[in-house]
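Encoded as structure tokens, the structure appears first; notes follow it.
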Amino acid sequence: VSAPVVPAGEQPASPQIPPPIVAPLVAPVAPRLTLRLAHQTLDRVLRRGLSVLASSDQEGPVKLELRITRRLARSLHLGRKLTIARATRTLGAGTTARLVLRLSRAARSRIAGRSRLPLRLRMTFGTTMLEQRLTLRR
């Protein structure tokens, strides 16, 4: 094995290493979420659950929660339980899925005598959240 001959006083030439290629950073785009609700009565929701059409332009897991206010939870004797129904599903990109949020047994029994029920429907997809207010009536 022979080493290259370098004249006195000069540095040996190092092989040229190209600079690393750095891909540009692309900020993640927030998903576009859509919730659709048909008209549903309080009686129907108590018996069958709240039917919701959910869609997103990105693929991933979605979580839906039906929530009530603290004041209403206290008046219904539900304690700290603000979420009275939940459902999860993995959505495909650009597809629509029907989710049914069935109320918990405790919530159903305590809501049964009411004529109207103000709610918040919360849809969570990753870090993006969509919240819709609605009021169910008999």
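Laboratory data are not the source of any read-out in this text; all were calculated from the coordinates shown. Only a predicted model underlies this, so the values are computations on that prediction, with no experimental measurement involved. Cβ: placed from backbone, ideal geometry, glycine included. Neighbour counts: every protein chain shown.
Descriptive notes on the structure:
- Net dipole in debye of the chain [+1 Lys, Arg Cβ; -1 Asp, Glu Cβ; about Cα centre; nearest 20]: 2240 debye
- Summing +1 for each Lys or Arg and -1 for each Asp or Glu among the other residues whose beta-carbon sits under 9 angstrom from that of LEU64 gives +3.
- FRET E, pair ALA93, ALA38, Förster distance 25 Å, beta-carbon r, rounded to 0.05: 0.55
- Most mobile listed residue (GLN16, GLN58, GLN40) in the chain, GNM with C-alpha springs under 10 Å: GLN16
- Contact order for the range 68-128, expressed relative to its length and based on alpha carbon pairs under 8 Å spaced 6+ residues apart, stands at 32 percent.
- Zero-based 10 Å bins, Cα pair distances in the chain, whole percents: 10, 32, 20, 10, 5, 5, 6, 6, 5, 2
- Listed by Cβ neighbour count within 10 Å, with the fewest neighbours leading, ILE84, ILE111, ILE21 appear as ILE21, ILE111, ILE84.
- Phi angles of the range 126-138 translate, via the Karplus equation with coefficients 6.51, -1.76, 1.60 and θ = phi - 60°, into HN-Hα couplings of x, 9, 8, 10, 10, 10, 10, 8, 8, 10, 8, 10, 4 Hz per residue; Gly and Pro are given as x.
- Full-stretch length increase - LYS81, THR128 - with 0.36 nm per residue and alpha-carbon distance subtracted: 14.6 nm
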